[in-house]
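Notes for the one structure printed next.
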Amino acid sequence: MTWSSSTAWKGSARGCWVRKTRRSGTSCPMRSADMRHDAVRGLALACLLGFACSAQATTPSIIPLPARMTVEQGGYAISAAAVIHVKPGDRAAADAAHYLADLLVRTRGLSLPVVEDASATSRGDIVIRSDPSASVSQAEGYVLDVDARGLDIHARDAAGLFYGAVSAWQLLTPDAAKGAVTVPYVHVADWPRFAWRGLMLDVARHFEPPAEVKRMLDAMAQHKLNVFHWHLTDDQGWRLEIRRYPRLTQVGAWRQPPGADAKPYGGYYTQAEVKDIVAYAAARHITVVPEIDMPGHAQAAVAAYPEIGVTGGHPAVSIDWGVNPYLFNVDEHTITFLHNVLDEVMALFPSTFIHVGGDEAIKDQWQASAAVQARMHALGIKDENMLQSWFIERMGQYLAQHGRRLIGWDEILEGGVPPSASVMSWRGTQGAIDAARLGHDVVLSPAPTLYFDNLQGARDDEPSGRLSVQTLATVYRFETVPASLSAEQARHVLGAQANIWAEYLNAPWQVEHAAFPRMDALAETVWTPANERHYDDFLARLPAQFHRYDQLGIAYADSAFAVGMQAQRSAGFPSKAAVTLDTQEPSTIRYTTDGSSPGPDSPIYSQPVDVALPVTISAASFSADGRQLARARTQRLDARTLGVIDSTGFQGCPTGGLGVRVPLLPDATVPAPVYDVDVISSCWKLPQVSLDGVSTITIDGAWLARNYGLAGDASKVVFRAARTPAGELEVHVDRCDGPLAASLPLPMKAEPGTTFHLTASWPAQTGRHDVCVFSTAPIHGSLSAIGRVSFGNASSSGAMP
Ligand code: TNX
């Protein structure tokens, strides 16, 4: 490897500015390297914030950041006439070259031919070549050199060539422009930190068509993620065709959702579709790890074949999210049934690891069943946790006989982890620590950080999801290896993955919104060396990635840069307000007050803006080079809208615990409306509401399906006594047990999906107060939810309904 002979970047020692190398013999003086790195990061942040900076100052937008990269002065121009060279017979290089060419057409409008050419080792434009003696020897690693001779990508294995091509694509797409592009001279030596770089997609709760699964696989490959964990079965749907047991999909793939006119919801993958998807993934160096969840989350399978369930009853496919009671029984017949299922699973999925779930199997049914208890005693097994361990081990042994390995959620540690098992740790990181200490391999996917079903911002325009906000920064700062593991134990950490649970992600665009750009943060977490990761540098590389998403039609979330607005009436001036603007991440906010779209020349926001009402304020965030980082958010401010509080201004009450943002109906695919509810306690806190002059309160809300399996938490649901048949919304001031200010009887028609609009008068009071709204609706039947609370006063008259 000879790339240490690089030229200076802005006067620094050669090859020293981006990152200090850990290869002996090529290291730069530590201090100069660190200083340079800090300077570059400082510049990156400055650029993002809008201060003057040169385009060269930021690290080239490769995500995940390579293990080592040096940038030099100069660049190689790739024109529309450029060529990608591969050697005849170098199949892996040709595959990578075609992937690169295809991406370039789609995103840059550059149509570069792939040419088989015996002299491909000599340089010119882009060369991709297998090289058994490439200086990067790690699996999946590659070298990418750009100099006056062009781009050269070489690697020892096919995955390395592919990842080199992906990095080259990113270098070739630094902005939104089309056509020719000049690539900076860089030397990249890159390889992954972890072998398991995963993403889990739950298609059981909401089905994703094969085309969308492929889109996600493509995106994974472009982030150098290599394990697609496919959650194919759950209480709400069995999505994999099993030829021996056709009812699993004929019955188990369909459910009857709540709502008066709801049509059956469902879908499944035929074996032909699965084979196609597995091949598509393999071509992108992704292993598909299927999950067949057992012994819990089994309701759809039991609905199809009641004889493999416990009670003898015949449930429908579940419409309740959460934890449902249906387990498989432990008869030999059922074990054989599941082995037969695994036979077909193994035939379809070449993955060494097969996931058998193991999560959230509450043991009520096993405890209540004389047959299960008799079998447990006959087997000499002490309790139900150990019975689960036995059950899982029966699967583990079967898989091992076929040369496969079992992996399961961390509950498989309860009752003794089967010796052959690997563990996926989701309830925090303790499961990973315990398992690694016991010598089992582990994958980290802790909730809530790596649970992408959580919202990524507090704004009311975030679509549905769980209400524990997990920002881009939180995901980025996740460290895979728990600090308490010794170096020896840490060797059992295979890697990490994010999980896209889909109870509230009803349509492909919502899955994409949840996944991107947090997938970028995840990718860097699992690929880039820990000490090379710097959040501000990452943020500076993100705008280019957003342009790529735009070109690929990916519905990414701009939540990290979306401008939030808060308006406060100016004291003593009812027709004036002060507007505060902010973003989650640092950016330059520009705004307009004349209804026009904010652009790179609009005024920069620096302090609260005084506005005369009515006004329409529009704001967007920008990077220094004028790239818009988030779409503009617009709000009309007048006497009426100033008194409106939406979910951005709601907080949960201390009594609650299970906060979710849900659509009007559980399977609705339209973007709005959505409602924030706490399933344990129907209560909302509105902090510090200005009550001066308020004389009415109006609440817009809806009846929602109460479709939650709460298991042991069911007894925690807060009951509040009602005064009227359907209950009412009680509004209290200062505290939930403070003075009652209004009581709005709920309408009787409590069919899920019906909205309501309730108004009451409001007693005169002054100043800012917390306001607490809670529902006294019965705790069975539909769930009442509020979407918007409007406080009206004399100056908003006319606008009041
Ligand atoms: C817990 S994580 C589950 C899933 C849910 C998820 C929702 C795990 C192994 N089980 O069934 O979808 O929470 O966030």
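Please treat every number below as a calculation from the coordinates, not as lab data. This is a predicted model, so every value here is computed, not measured. Neighbour counts run over all protein chains shown; Cβ positions are idealised from the backbone, glycine included.
For this structure, a couple of remarks:
- Working note: Cα gyration tensor of the stretch 560-638, eigenvalues times five, square-rooted, sorted largest first, giving semi-axes of 23, 12, 10 Å.
- Relative exposure of V771, V670, judged by other C-beta atoms within 10 Å (fewest first): V670, V771
- Compactness of the stretch 378-442, expressed as Rg and Dmax over alpha-carbon positions, Å: 11.7, 36
- Ordered by the number of other Cβ atoms lying within 10 Å of each residue's own Cβ, fewest first, W509, W191, W527 fall into the sequence W509, W191, W527.
- Each principal axis of the Cα atoms in the chain has its own extent, and those three values, largest first, are 85, 79, 45 angstrom.
- Simple Cβ-charge dipole of the chain, Lys/Arg +1 and Asp/Glu -1, about Cα centre, in debye nearest 20: 1280 debye
- Proxy reagent accessibility, fewest Cβ within 10 Å first, across L438, L161: L438, L161
- Spatial separation of Cα centroids for the stretch 620-669 and the stretch 153-205, in angstrom: 34 Å
- Averaged over residues, the count of other Cβ atoms within 10 Å places the peptides 730-741, 603-614 in the sequence 730-741, 603-614, highest first.
- Packing-based ranking, highest mean first, of 303-311, 696-704 given that Cβ atoms within 10 Å are counted: 696-704, 303-311
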